[in-house]
1. If we scan region 282-300, do we find a residue that is farther than 30 Å from THR380 by Cβ and among the aromatic types (Phe, Trp, Tyr)?
2. Which residue, of LEU76, LEU90, is among the aliphatic types (A, V, I, L, M) and either surrounded by fewer than 17 Cβ atoms within 10 Å (Cβ to Cβ) or over 24 Å from GLU4 (Cβ atoms) (or both)?
3. What is the number of the single condition among (1) modelled with pLDDT of 95 or more; (2) under 18 Å from GLN101 (Cα atoms); (3) among the acidic types (Asp, Glu) that ASP256 does not meet?
4. Looking at (1) surrounded by fewer than 23 Cβ atoms within 10 Å (Cβ to Cβ); (2) in contact with a strand residue (DSSP E or B) (Cβ under 9 Å, 6 or more places away or on another chain), which is the one condition that is false for LYS515?
5. Pairs under 6 Å by beta carbon, first residue under 16 Å from GLN291 (Cβ atoms) in region 330-347, partner outside any loop (DSSP other than H, G, I, E, B) and of a type in the set (Ser, Thr, Tyr), six or more apart or different chains?
6. Starting from region 381-393, take each residue that is touching a residue at least 40 places away in the same chain (Cβ under 8 Å) and list its partners that are in a loop (DSSP other than H, G, I, E, B) and not β-branched (Val, Ile, Thr), counting only C-beta distances under 7 angstrom and pairs at least six apart or across chains.
7. Pairs only if they're at least six apart or on different chains, beta carbon under 9 angstrom, first in region 76-97 and assigned by TED's automatic domain parsing to the domain that holds LEU166, second of a type in the set (A, V, I, L, M) and part of a loop (DSSP other than H, G, I, E, B); list them, first residue then second.
8. Filter region 349-391 down to residues that are among the charged types (D, E, K, R) and under 13 Å from GLY274 (Cα atoms) and give me whichever is modelled with the lowest pLDDT.
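The values are calculated or read from the model by the stated rules, or taken from the named source; none is laboratory data. Computed from a prediction, not measured in an experiment: that's the story for all the values here. Quick reminder, even Gly has a Cβ in these numbers, built from the backbone with ideal geometry, and neighbours come from all protein chains shown.
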Amino acid sequence: MENEDLEKYSSAATLSDMELFVFPELIYSLVLANIMSPVIWKWRQLDSFEKLAGKSSYRRLMRLRQFIMDEFDFNLDLETWGLTDKNIELKRFERYMSPQQIGASNALFGYEGDKYYYDVDIRRHFGLDKYTTDIIPYWKTETIEAMDAFRLKPGYGKAAGECVSLATLYAAAAFIVCGVPLDDIFMILTPLHSQNFIDMQDGILTNNRRLVTKTMWFNGTEISNKAQRALRNEQVTVVAHNTGVIHCLYDDATIDPKAYDRFKGRLADYLSTGVDMTLFASFLRSAHNYQKYFQICRDCHGQPQFIRAELLYQYEHGSPFKIGDETHDKLLAEVADEDFVRFELPGRIRCDRLCDFLKQKIDVRRGDGREAVRQFLAPTIPDIDKFVDDLMDFVHIEANLPESNKNFTNGQTLQISPDWDRDEIIDYLRGIRAHNATADLAFYAYRDMESCDWRPFMKAAIERSPISLEKTQAMSVPEVYDWLTQMPAASIYDRNRLAQPDELANYLTGDGLEKAILLANVLRHRDPDRELRLEVDNSRVVLRGEQDYEFVSAKTLQGQVDISPEGEIAVVAKSYQPKG
């Protein structure tokens with residue numbers, strides 16, 4: 001394996017924010033690793049999903065949303081996976097992109113987005129403002145096993161993950177549990193967020209733990225407004241699909257250009273809507289500073305009654321009923337009689353007359369539509385031009401996607417059917433990995449040590465495991481060894497798959513082989529001039545340094561790893577069958 005490949009393949013074990021940005025094919029490799037995992041396949045056996053067998057993918061997707069809401073937390077503890085040095089990271093990736101490109105596209109290296117993000121002080125929002133030196137946090141993406149293991153971490157009662165982890169989880173679970181074809185799932189990454197567009201009905205966006213339908217996208221609630229931030233204000237850096245990827249900075253793209261065109265068209269449809277009374281009510285819900293120019297009326301025994309729009313919007317809080325939709329009359333029925341008046345309020349537009357006006361199907365994206373709105377509302381709303389601009393901005397979002405003027409190479413479409421079982425999928429991926437880099441990387445993200453070169457895993461373990469160093473810094477080496485031997489001996493990964501040292505350190509459980517690798521990381525950083533040797537013979541694991549440290553493993557791996565003082569890793573793994 002060449003050094004460039006070693007860097008990429010070792011990144012499949014750590015999956016940091018920067019690694020995904022530099023090696024975008026890793027994003028889909030993690031989706032495939034989650035698809036291969038037994039964890040999500042077990043969800044299909046739960047009563048809540050078994051009851052939906054034979055139902056539409058949409059029904060199952062809505063149930064999946066509730067399941068993820070119930071079982072997972074959104075984790076934005078930036079130091080979950082420790083700290084690194086900005087200059088080390090820039091040096092590591094300089095052969096792939098310049099520090100200026102990285103700084104303009106990554107929040108840990110100075111990115112702050114456009115004017116919107118300056119206005120909301122996005123670095124403070126994410127807790128990045130405290131990192132004023134070259135020391136920055138690792139922002140890592142978790143496998144489904146690592147997400148599930150958050151239940152073991154002190155302070156967590158549920159599974160958890162950050163936005164990329166949740167996006168890759170949703171993509172895998174939508175395929176496994178809901179039967180959504182991979183061809184209909186597009187992953188969208190921006191410098192500060194990750195989500196999926198699912199080409200179903202009018203389109204569905206995943207947003208951390210939630211799903212956002214087109215109706216929800218335009219409902220004007222605070223949750224929906226927050227869901228819009230990334231696509232409204234950020235450059236989309238990567239779009240990943242089962243046909244390949246496209247990156248905003250790279251000239252070459254592997255995604256099928258026809259699939260990318262379909263995605264752009266469908267996303268554009270999702271991000272635009274017409275103006276009717278429901279939409280207009282949603283706009284006022286979002287732009288509440290305009291509510292003071294409107295009043296809502298109802299019929300009471302043949303006589304009109306009126307209420308200030310802002311007061312009725314207050315009634316929406318805590319109510320399942322909404323202004324302007326099919327539940328509008330039920331909301332009016334909840335209003336106290338004394339909040340209505342029997343006379344038309346001066347200086348306010350009557351919403352019944354506005355409703356009649358909007359029946360003309362006004363298109364505010366067209367000049368004549370904007371002019372019609374302007375003339376209708378100008379007598380009441382002072383800064384009518386700003387109002388019309390705000391309304392147009394509400395109903396139409398132009399996503400800043402990677403340009404299509406790329407060199408589209410012949411991508412290698414992953415042709416996996418939702419009808420296949422897990423073993424069929426693993427066999428298929430195993431069969432194509434020799435000529436499909438994404439599939440091959442998936443086995444490294446899956447941590448399949450039986451069929452992978454051990455060097456990438458070990459490189460990641462001894463170079464990018466700061467949590468295990470932090471948690472053991474106050475211990476002597478014998479104390480570290482005792483701490484490890486007394487720790488529960490269960491790996492979070494099944495069969496011959498391995499956790500990285502920081503996963504063991506965070507979740508405080510691990511197989512004997514995993515414990516030996518953590519100790520190797522500690523010894524490597526405390527005494528870098530000493531050569532280390534890790535000998536693995538099924539249940540017996542020995543780490544040889546200044547002295548020998550023995551562990552018992554439930555894995556059935558065999559091999560030897562030598563780590564030189566220069567950091568070179570030599571591996572003889574008897575169970576490894578290299579590609580080709």
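1. Applying the first criterion (farther than 30 Å from THR380 by Cβ) to region 282-300 yields none.
Checking region 282-300: not a single residue is farther than 30 Å from THR380 by Cβ and among the aromatic types (Phe, Trp, Tyr).
2. On the way: LEU90 fails: either surrounded by fewer than 17 Cβ atoms within 10 Å (Cβ to Cβ) or over 24 Å from GLU4 (Cβ atoms) (or both).
Only one candidate qualifies: LEU76.
3. Failing condition for ASP256: (2).
4. (1)
5. VAL335/TYR315
6. ASP390/ALA287
7. Correct list of pairs: MET97/LEU249.
8. Applying the first criterion (among the charged types (D, E, K, R)) to region 349-391 yields 350, 352-353, 356, 359, 361, 363, 365-366, 368, 370-371, 374, 383, 385-386, 389-390.
Checking which are under 13 Å from GLY274 (Cα atoms) leaves us with 359, 361, 363, 365-366, 370.
Numbers: LYS359: 94, LYS361: 89, ASP363: 94, ARG365: 92, ARG366: 94, ARG370: 96.
For region 349-391, the residue satisfying everything is LYS361.
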